[in-house]
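First up is the structure itself, then whatever we jot down about it.
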Amino acid sequence: MTGDLKDLFYIGGIVVTVAGSHFMLRAKVMVLEERIKGYSEAMKRIFESLRRIEEKLDGKADK
């Protein structure tokens, strides 16, 4: 009887641990996805700035 109860607690602990790890990893993935979105927005702004600089330089070269 005591072995059965101990085994149930052991299995319950494993289930709780796996579930906790799953939700922790999901949270980390969500944070990384948000960072990637932020980086992609920053890269868009950088390329837009470079494009405007290139257009200005082309305009000055034409004069």
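The values are calculated or read from the model by the stated rules, or taken from the named source; none is laboratory data. For clarity, every value in this text was computed on a predicted model and none was experimentally measured. Cβ sites come from the backbone with ideal geometry, for glycine too, and all protein chains shown count toward neighbours. Surface accessibility is based on the protein's heavy atoms, side chains included, excluding ligands, DNA and RNA. Shrake-Rupley method; radii C 1.70, N 1.55, O 1.52, S 1.80 Å.
A few remarks follow.
- Surface/4 estimate of mean projected area, convex hull on alpha-carbon atoms of the chain, nm²: 4.3
- Taking the accessible area of the chain, probe 1.4 Å, and keeping the other protein chains in place, the carbon and sulfur fraction comes to 68%.
- Degrees between helix 2-62 axis and first principal axis of the chain (Cα, 0 to 90, nearest 10): 0
- Net charge of the neighbourhood of Arg51, taken over other residues with C-beta under 12 Å away and scored Lys/Arg +1, Asp/Glu -1, is 0.
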